[in-house]
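Trainee: Right, I'll just put the structure down here and ask away after.
Bear in mind these aren't lab numbers, they're just calculated from the coordinates by the rules spelled out. Predicted, not measured: the structure shown is a model, and the values here were computed from it. Virtual Cβ from ideal backbone geometry, glycine too; neighbours counted across all protein chains shown.
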């Protein structure tokens, strides 16, 4: 089985309102696939279709090779699901609640729940309804991961988690992938997904508008470069950089015998490094590419580009 | 992993506080009413007072029969306060079982696991059924306990039949609530439908007993189906019991069918 999930022309109508207008994507088995898009784009609806919580109006869905509805409980035992909004209201402890979910999901290895809870810093003996949002989210993650399912479907998994726990979550995702599990997760911001995902799909208004590999995004991404050098004039430095392919937006500041140059770099790094090798550098920063920016280029049609780019960006965030 | 009836166990065990509270309330009602029988129902002054009340009122409250121990128990406990408490408990549990769980967002996560929707409805209905039966059994046991000391002289087989109808009547409201909640995904609709069955059943009985002209209302009243012949006094109408329990079972089946065919949590 090469594809853990595939969706073809998936549509969903609630009454007369159509929220998915023909969604197509495929998730390779063993990969980490991120769906990003603003709230209301259809991420949650898509995920619920995979779990047979809602039924598509038309189109075909295959999860681990099966139709979600026909697959029934046996299929869902092989999946770990974290809902986008997690409600846990019972007057029970986390341990009791997890024991219940354990009874209705795939087999959980002994000690696995305690291990996961410890990693995430979750107290299993507290009553669930007294837990903070972040701690409820941890409980939700434990129930999704505990039976080491073949497929994890995680709707906004890092929401409510503090940065340290987010790091731990990313480590859990990488381990799961290492074990051959497939992870399908969503977020409304790319920065959360880019650390773990191999591929990202951008969902907007019920349509997938782009599917890109994260490494592809990185290659096509624009980096910022800044360096300080001595023994060269601003003019010469500018001319040197202008000869390097992919370099743009060159700005040079000269002060007290040294120059500080900033520029953008699109594409390969090697030619730039070679050019810089001839200089006497006192400082060099080559920033990690901002994938968000590359994605935003896709989000906005050419007509939107220009002065209101920043607004566009805020809106998407 | 191989726990049998995991959803039933959770629904039943997690609600033990509520079950205990309703059991305490029913025990309170039983111990409040029944020991008073020798001084109220059986006394001649009381009978004189009841005779002086408007006939419509005694009929509406079923107080026309409280001169005997079984009649008194039928009218006060099974017909009034016990009926009220059991119906409220059953409707609350029924509305919460599926509709309430869906509305609070928790059903989605349960259904994402290795269970079928029909299984969820049936196991939760079983939990409702067992809790109602437990409460009815408690009332049965307490009436037996007080039978001699309160001079009630109730035949055990009649009491048993009354308890079966008592449970069935409450369960009918509860399964209506479960069914309406399951069909709509809303707890409030379940509560409204369940309460409607209880309240209208009681009202149709009270009004229908007033005269021949409105007697047809009795046919629409589950309360009258169950209690029309005063089961504590005369023994259960087992055909009526069969109907009441059968309709409950059908309502659960409708609930399971409905939840199985629709989107959840939308």
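Trainee: Grab every C-alpha pair in region B:1-132, bin the distances at 5 angstrom width from 0 up to the longest one, and report whole percents.
Mentor: Histogram of Cα-Cα distances, whole percents per bin: 2, 9, 16, 16, 12, 10, 8, 8, 7, 6, 4, 2, 1, 0.
Trainee: Here is a follow-up. Need one number: nm distance between label points at residue B:144 and residue B:126, each 7 Å from Cα along Cα→Cβ, rounded to one decimal.
Mentor: So the label points at residue B:144 and residue B:126 sit 2.6 nm apart.
Trainee: Related question: Quick check of the Kirkwood formula: for region B:126-241, what is the inverse mean of 1/r over all pairs of different Cα atoms, in Å?
Mentor: 15.3
Trainee: Let me ask something else about it. So which residue, out of B:187, B:155, B:124, gets the largest mean-square fluctuation from a GNM of chain B using Cα contacts under 10 Å as springs?
Mentor: Evaluated over chain B, the most mobile residue of the options is B:155.
Trainee: OK, next. Measure nothing but the geometry: give the 0 to 90° angle between the long axis through the Cα atoms of A:133-145 and the longest principal axis through the Cα atoms of chain A, rounded to 10°.
Mentor: Computed tilt is about 70 degrees.
Trainee: Moving on. Per-residue Cβ counts within 10 Å, from other chains only, averaged over B:3-14: what number is that? Each step should come with its number before you reach the end.
Mentor: Details: counts 5, 1, 1, 7, 3, 0, 2, 9, 0, 0, 3, 6.
Per-residue shielding by partner chains comes out at 3.
Trainee: Right, here's the next one. To the nearest 500 deg cm²/dmol, what mean residue ellipticity at 222 nm is calculated for chain A from DSSP H runs of n ≥ 4 alone, each contributing -39,500 (n - 2.57), summed and divided by the residues? Walk me through the numbers before you get to the answer.
Mentor: On the way: 12 runs with 111 residues, N = 317.
It comes out at -10000 deg cm²/dmol, rounded to the nearest 500.
Trainee: Still on this structure, please answer the following. Neighbouring Cβ atoms within 10 Å as the yardstick, rank B:81, A:261 fewest first.
Mentor: Working: B:81 17, A:261 22.
With the fewest neighbours first, B:81, A:261 line up as B:81, A:261.
Trainee: When the expected Rg is taken as 2.2 N^0.38 Å, what fraction or multiple of it is the alpha-carbon Rg of region A:190-256? Let's see the in-between values first.
Mentor: Working: Rg = 18.5 Å, N = 67, 2.2 N^0.38 = 10.9 Å.
Scaled against compact globular proteins, the figure is 1.70.
Trainee: Another one. Taking the alpha carbon gyration tensor of the protein assembly as shown, what are the square roots of 5 times its eigenvalues, largest first, to the nearest whole Å? Present the calculation step by step, with values, prior to reporting the outcome.
Mentor: Details: eigenvalues 973, 99, 84 Å².
In descending order the semi-axes read 70, 22, 21 Å.
Trainee: Mind putting together the pair-distance distribution for region B:201-266? All Cα pairs, 5 Å bins, whole percent per bin, short to long.
Mentor: 4, 16, 17, 17, 15, 10, 8, 7, 4, 2, 0
Trainee: A follow-up question, please. On C-alpha positions alone, give me the angle between the axis of helix B:187-208 and the longest principal axis of chain B, in degrees, nearest 10.
Mentor: 20
Trainee: Once all Cα-Cα distances of chain B are split into 5 Å bins that start at 0, what whole-number percent is in each one?
Mentor: Histogramming chain B at 5 Å steps yields 1, 6, 13, 17, 17, 15, 12, 8, 6, 4, 2, 1, 0, 0 percent.
Trainee: Cα-based Rg of region A:61-219 per 2.2 N^0.38 Å, rounded to two decimals? Please list the in-between numbers first.
Mentor: On the way: Rg = 16.0 Å, N = 159, 2.2 N^0.38 = 15.1 Å.
Normalised Cα radius of gyration, region A:61-219: 1.06.
Trainee: Please arrange B:43, B:221 by counting, for each residue, the other beta carbons lying within 10 Å of its beta carbon, fewest first. Let's see the in-between values first.
Mentor: Working: B:43 13, B:221 22.
Result, fewest neighbours first: B:43, B:221.
Trainee: Just to check, using Stokes-Einstein with a Kirkwood Rh over alpha carbon pairs, what's the diffusion coefficient of region B:13-73 at 20 °C and 1.002 mPa s in µm²/s? Don't jump to the answer; show the numbers that get you there.
Mentor: Numbers: Rh = 13.2 Å.
It comes out at roughly 162 µm²/s.
Trainee: OK, next. Quick one, what does Rg over Rh come out to for chain A if you take C-alpha atoms and the Kirkwood Rh?
Mentor: Over the Cα atoms of chain A, Rg/Rh equals 1.07.
Trainee: Another question, then. On a full-extension model of 0.36 nm per residue, what is the gain between residue B:13 and residue B:220, subtracting their alpha-carbon distance, rounded to one decimal in nm? Let's see the in-between values first.
Mentor: Numbers: separation 207, 0.36 × 207 = 74.52 nm, distance 3.54 nm.
Extra length from residue B:13 to residue B:220 when fully extended: 71.0 nm.
Trainee: How many Cβ atoms of partner chains, on average, are near each residue of A:98-111 if near means within 10 Å of its Cβ? Write out the running numbers ahead of the final one.
Mentor: Numbers: counts 0, 3, 9, 7, 4, 12, 13, 6, 3, 2, 1, 0, 0, 0.
If you average over the peptide's residues, the count of other-chain Cβ atoms is 4.
Trainee: How long are the semi-axes of the equivalent ellipsoid of region B:139-180, defined as square roots of 5 times the Cα gyration tensor eigenvalues? Whole Å, largest first.
Mentor: Details: eigenvalues 160, 17, 6 Å².
Here the semi-axes work out to 28, 9, 6 Å.
Trainee: With viscosity set to 1.306 mPa s at 10 °C, what whole-number translational diffusion coefficient in µm²/s follows for region A:97-148 from Stokes-Einstein and a Kirkwood radius over Cα pairs? Spell out each step's value before the answer.
Mentor: On the way: Rh = 11.0 Å.
Value of D from the Cα-based Kirkwood radius: 144 µm²/s.
Trainee: Under 37 °C and 0.692 mPa s, how fast does region A:1-74 diffuse according to Stokes-Einstein, given a Kirkwood radius computed over C-alpha pairs? Answer in µm²/s, whole number.
Mentor: Details: Rh = 12.6 Å.
For these conditions, the coefficient is 260 µm²/s.
Trainee: Sorting A:209, A:104, A:183 on the 10 Å Cβ count, fewest up front, what's the list?
Mentor: On the way: A:209 14, A:104 22, A:183 26.
By the 10 Å Cβ count, ascending: A:209, A:104, A:183.
Trainee: Here is a further query. Pulled fully out, how much extra length does the chain show between residue B:43 and residue B:160, if you take 0.36 nm times their separation in residues and subtract their Cα-Cα distance?
Mentor: Values: separation 117, 0.36 × 117 = 42.12 nm, distance 2.64 nm.
Value of the extension gain: 39.5 nm.
Trainee: Let me ask something else. Cα-based Rg of region A:1-131 per 2.2 N^0.38 Å, rounded to two decimals?
Mentor: On the way: Rg = 17.0 Å, N = 131, 2.2 N^0.38 = 14.0 Å.
Rg over 2.2 N^0.38 Å, computed on Cα atoms: 1.22.
Trainee: Would you mind getting the Kirkwood hydrodynamic radius of region B:55-164 from its Cα pairs, rounded to one decimal in Å?
Mentor: Values: mean 1/r = 0.0611 Å⁻¹.
This gives a value of 16.4 Å.
Trainee: Averaging the inverse of every distinct alpha carbon separation and then flipping it gives the Kirkwood radius. What is it for region A:67-135, in angstrom units? Numbers along the way, then the final one.
Mentor: Values: mean 1/r = 0.0741 Å⁻¹.
Averaging 1/r across every pair of different Cα atoms and inverting gives 13.5 Å.
Trainee: Using only DSSP helix segments of four residues or longer, with each worth -39500 (n - 2.57), what per-residue ellipticity at 222 nm results for chain B after dividing by its residue count and rounding to 500? Kindly include the intermediate steps, with their values, before the conclusion.
Mentor: Numbers: 13 runs with 181 residues, N = 266.
Calculated mean residue ellipticity at 222 nm is -22000 deg cm²/dmol.
Trainee: Give me the number: length gained by fully extending residue A:9 to residue A:69, i.e. 0.36 nm times residue separation minus the C-alpha to C-alpha distance, one decimal in nm. Could you put the intermediate results ahead of the total?
Mentor: Values: separation 60, 0.36 × 60 = 21.60 nm, distance 1.70 nm.
Additional length available on full extension: 19.9 nm.
Trainee: Consider a paramagnetic label point 7 Å from the Cα of residue A:29 along Cα→Cβ; state which residues of region A:139-171 have an amide N under 15 Å from it.
Mentor: A:149-152
Trainee: Then there is this: Relative to the first principal axis of the alpha-carbon coordinates of chain A, what is the inclination of helix A:94-103, with its axis defined by its Cα atoms, in degrees from 0 to 90 and to the nearest 10?
Mentor: So the inclination is approximately 70 degrees.
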